[in-house]
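This report refers to the structure that appears directly beneath it.
The values are calculated or read from the model by the stated rules, or taken from the named source; none is laboratory data. Quick caveat, the model's predicted, so the values are computed rather than measured. Note that we place each Cβ from the backbone using ideal geometry, even for glycine, and neighbour counts take in every protein chain shown. Accessible surface areas use protein heavy atoms only, side chains included; no ligands, DNA or RNA. Shrake-Rupley method; radii C 1.70, N 1.55, O 1.52, S 1.80 Å.
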Amino acid sequence: MKYIRTAGTPCELGGKGYGLARLQAEGFPVPEWFAVSAEAFQDSLNDRQKRALEGGDGAEIRAALEDLIVSPGVSAELNAALRQLSDNGVRYAVRSSAADEDSANRSFAGQLESYLSVPPYAVAEKAAAVWRSGFSERVLAYRSGEQKGSAWNAAPAVVIQRMIDAQSAGVAFTADPVSGRRGVVVISAVFGVGSALVSGETDADVYEIDRGGNIVRAVLATKKISVAHDTAAAERQSSSEVQNARVLSDEQAREIAALARQVSRRMGRDQDIEWAIESGKIYVLQTRPITTLRDLPDPDAVRSIWDNSNITESYSGITTPLTFSFALAAYEGVYRELCRILKVSESKIAAHEQILRHMLGLIRGRVYYNLLNWYRVLALLPGFTVNRRFMEQMMGVKEPLPQDIVKTLPADGFRERARDAWQLGRMLGALVWNCFTLRRITERFYARLNRVVADPVALLAGMRVDELAAYYHNFLGQILTRWDAPLLNDLFTMVFHGLLRQLCQCWLQAGDELANELVRAQGGMISLEPATRLREMAQIAARNPQLVEVLRRGHAAESARAIRQIPELSQKYDEYLSKFGERCLEELKLESVTLHDDPSLLLRSIGEVAQGVSATHASAAEPSSSGSAEQRAREALRRHPLRRWIFTWALRNARSGIRARENLRFERTRVFGRVRRIFVEIGNRLSASDVLENPRDIFYLQVEEVLAFIHGTAATTNLEELVALRKREFEEMRRQPAPPDRFETHEPVYQGNQFQSPTDTQKPPADGEERQGLGSCPGRVRGRVRVIKDAPTTPPPAGSILVAERTDPGWVMLFAAAAGLVVERGSLLSHSAIVSREIGIPSVISVPGVTQWLRDGDLVEIDGGKGIVRRLQSEAAHA
């Protein structure tokens, strides 16, 4: 036959017909059926109808098709097919089957017409009605966005199927289309035919069956029993309401679930299946993909909590693939080493291998802590309950871990560890030993690092690409697997700083203000050296007002030439670049431009400080003394010698740990600077060989992809195309809104998750002129606001209150030109808090929404002791 099909393509059979053909071919129980192809529609059109389809609008097409009838040729084939299907007077279902209906992209649920219980003589008439429904207003609106001229494709094929004399019917979803749970089959069942369920005429029983065949949930509805197919007969039939009468037995529910899962496996994706039971046999009436799952995560899948806390201090905004892949490998290596240092057994380290490999995540191009994995690693160490809170404080985590998650962490509690006393003893012994030998460990670390980075950077410029790869492997092998001093110092700083804060609260009835005063102004911190050197250069430059203006307003080349005219200043400038040239803004991003590459910000900062910022800063603030704070603490504890000794011990260790933490961060800067130079040189070689279009394209490749290309293990060798793809993807990420500071996902992370916070904790207060944060450096100061939301290219004006979302170590140049500091993010151990305390700039950190609340030019007063930011005058009022 020309128009009748039982096999073929989706274009010939339509989506529903193609699904039935596949079910039949796979041996599933399907009622007898055939499809009338869309070609039959075209051959049934008269000339007026064809003209309307060729150039008319929707209304004109619908008007022309009002008198559409099935052509004699089509009708003859249709009647012959009906006789072959059955000759005993059964009724039929006449269903739409558009080419894209029941597809993975569109379901067309309820859009096109279908008819049930159709007698043989009316099948042709209903088929024509199905064709007409393809041009209804609702269908054309549903198809909106398709190219003009698709009207010919709008007419669906028509499926003719023997009506099942169903005792019960319904739908089965092989995954929950509402919650997204992939592990349950959701069955809705009614007595009689399933049209009552689809139309909403009756409520359905709902069954949920898990993968093991267990009915985990059954909800029985009050329903009307009516099994008559004929509408008039159904109206005459006395329907009785039955409370809690089960449509399906447990065994039938399990059989339907098993059948649905078989269909899903054969179809290759989760399915929405219509079924019916006739004389005890389950039939599949149709199947289609569940189209909503792509936007739904599975709540039963692996759960992750993402938090960028103070990691945004190191990796803010979009971070390129090269940087992320290097950071991910670095975190894995160094924390595996920490576990070994603390005598965690190799078997436990191996059991946590996947956790160590996934300490970080990249969400829309932004770096986040995979927070649960951090807790899982910390849970390997003694005292998890206490240390967990200390870690949250150090990382700046604003919300503690929910207790329902704490209970699920696969970590041994203290009782379980006590059963393995030998292992616990080794770990505690290692902690104590490393605590008392930390100074010696740190000295060895410095000596080792100095040897590794002793090679001049110029040496890299003469290496071949394979030599650069070998240099990188050797460099990492000597550094990342022996990162003991920074790790141990961070661990003990976390503990002792947390302990100091608790002692201040419990023994001195004081808050963080006293703790901050106690740990400030201890000296010996390399992070302060850039500011000190900058002020020295500014004092020299201040003798020449013309030079100051050139530094503040001129281009980098012009300013550098002007500096060369003053030998003393030129020498200090070269010394600064030699030591701190890698300490740039966003210095841990390999793609960041360093001061070696562009010293503009340094030159302008010298000019601003020379303009008189230092004097303004010194007179604006009301500093407080750490010495007086320590005296107050001793006075409060003078009658408690044991407490005084413990307090002094905790204070001494907290101070030394904070100082060492900042100094070791600078060594991290040196390491990242050397890695940056290695890959810049590799980028130069690959660009010169026409493998990359531009040397800086190297930053859009992952470390392993670059090395695989060099070593011959790459799956993709067309790096130009790979870079182009990444650039397009990252450009799209830049246009997308940044995810919130904290949110949850379920795996797979990049499918279905919306990256949205379930709470409104990120929204700042709607009104008011005062905000509360964490006081990080005592003192009060007033000044005009300078809001910096992105990496700045110019320093703030003299005496400004610097307001930023976050800072990193490279911002110390800007601190020298500011009277105060307000930061939206961070913790009391973040770089901005530590350095502002040492410099003596009153500062408040962790002020939610402050960069949206304040505007350039607002007059504010900050109290760095109490953590209060008060707006005295808005910029608009000032203007």
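A compact table of results
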quantity: Residue tally, condition closer than 13 Å to residue 647 by Cβ and either buried (at least 20 other Cβ atoms within 10 Å of the Cβ) or modelled with pLDDT of 85 or more (or both), over the range 500-518; calculated: 12
quantity: Identity of the residue in the range 342-378, at pLDDT 90 or above and at positive phi, that ends up least open to solvent (accessible area, probe 1.4 Å); calculated: 365
quantity: Of all residues in the range 331-341 being in contact (Cβ under 8 Å) with a residue 24 or more places away in the chain and either touching a Pro at 6+ places or on another chain (Cβ under 8 Å) or open to solvent by 10 Å² or more (accessible area, probe 1.4 Å) (or both), the one that is farthest from residue 485 (Cα to Cα); calculated: 332
quantity: Unique match (being open to solvent by less than 10 Å² (accessible area, probe 1.4 Å), closer than 26 Å to residue 399 by Cα and assigned to a helix (DSSP H, G or I)) among 862, 834; calculated: 834
quantity: Residue 95 in contact (Cβ under 8 Å) with a residue 12 or more places away in the chain and closer than 14 Å to residue 17 by Cβ; calculated: yes
quantity: Residues (touching a Gly at 6+ places or on another chain (Cβ under 8 Å) and in a strand (DSSP E or B)) located in the range 166-192; calculated: 168, 169, 170, 171, 187, 188, 189, 190
quantity: Positions within the range 279-306 being open to solvent by less than 10 Å² (accessible area, probe 1.4 Å) and of a type outside the set (Ser, Thr, Tyr), in sequence order; calculated: 284, 286, 305
quantity: Selection from the range 59-69 of residues that are surrounded by 13 or more Cβ atoms within 10 Å (Cβ to Cβ), assigned to a helix (DSSP H, G or I) and touching a residue at least 12 places away in the same chain (Cβ under 8 Å); calculated: 61, 62, 64, 65
quantity: Hey, residue 89 surrounded by fewer than 17 Cβ atoms within 10 Å (Cβ to Cβ) and outside any loop (DSSP other than H, G, I, E, B) or not; calculated: no
quantity: From 872, 821, residue being within 29 Å of residue 672 (Cα to Cα) and assigned to a strand (DSSP E or B); calculated: 821
quantity: Residues satisfying the stated conditions in the range 536-586, i.e. surrounded by 17 or more Cβ atoms within 10 Å (Cβ to Cβ) and among the basic types (Lys, Arg); calculated: 552, 572, 583
quantity: Qualifying helices (runs of 4 or more DSSP H) (wholly inside the range 451-567; at least 3 residues being in contact (Cβ under 8 Å) with a residue 24 or more places away in the chain and within 26 Å of residue 795 (Cβ to Cβ)); calculated: 529-541, 545-553, 556-564
quantity: Identity of the residue in the range 40-55, of a type outside the set (A, V, I, L, M, F, W, C), without any contact (Cβ under 8 Å) to a residue 24 or more places away in the chain and open to solvent by less than 80 Å² (accessible area, probe 1.4 Å), that ends up farthest from residue 5 (Cα to Cα); calculated: 55
quantity: Condition check for residue 265: surrounded by fewer than 22 Cβ atoms within 10 Å (Cβ to Cβ), in contact with a Gly (Cβ under 7 Å, 6 or more places away or on another chain) and modelled with pLDDT of 95 or more; calculated: no
quantity: Residue within the range 825-848 that is touching a residue at least 60 places away in the same chain (Cβ under 8 Å), more than 25 Å from residue 659 (Cβ to Cβ) and out of contact with any Cys (no Cβ under 7 Å at 6 or more places or on another chain) present; calculated: yes
quantity: Given (1) surrounded by 15 or more Cβ atoms within 10 Å (Cβ to Cβ); (2) within 18 Å of residue 131 (Cβ to Cβ), index of the condition residue 72 fails; calculated: (1)
quantity: Of the criteria (1) more than 25 Å from residue 712 (Cα to Cα); (2) at pLDDT 85 or above; (3) open to solvent by 40 Å² or more (accessible area, probe 1.4 Å), which one residue 452 fails; calculated: (3)
quantity: Residue within the range 146-166 that is at pLDDT 95 or above and among the small types (Gly, Ala, Ser) present; calculated: no
quantity: Those residues of the range 772-789 which are open to solvent by 50 Å² or more (accessible area, probe 1.4 Å) and either closer than 26 Å to residue 510 by Cα or of a type in the set (A, V, I, L, M) (or both), in sequence order; calculated: 772, 774, 780, 782
quantity: Residue in the range 38-58 that is in a strand (DSSP E or B), at pLDDT 90 or above and not small (Gly, Ala, Ser) present; calculated: no
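The rows are residues; the columns are (1) of a type outside the set (Lys, Arg); (2) modelled with pLDDT under 85; (3) open to solvent by 20 Å² or more (accessible area, probe 1.4 Å).
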site: 791; (1), (2), (3): yes, yes, yes
site: 801; (1), (2), (3): yes, no, no
site: 826; (1), (2), (3): yes, yes, no
site: 842; (1), (2), (3): yes, no, no
site: 850; (1), (2), (3): yes, no, no
site: 867; (1), (2), (3): yes, no, no
site: 876; (1), (2), (3): yes, yes, yes
site: 879; (1), (2), (3): yes, yes, yes
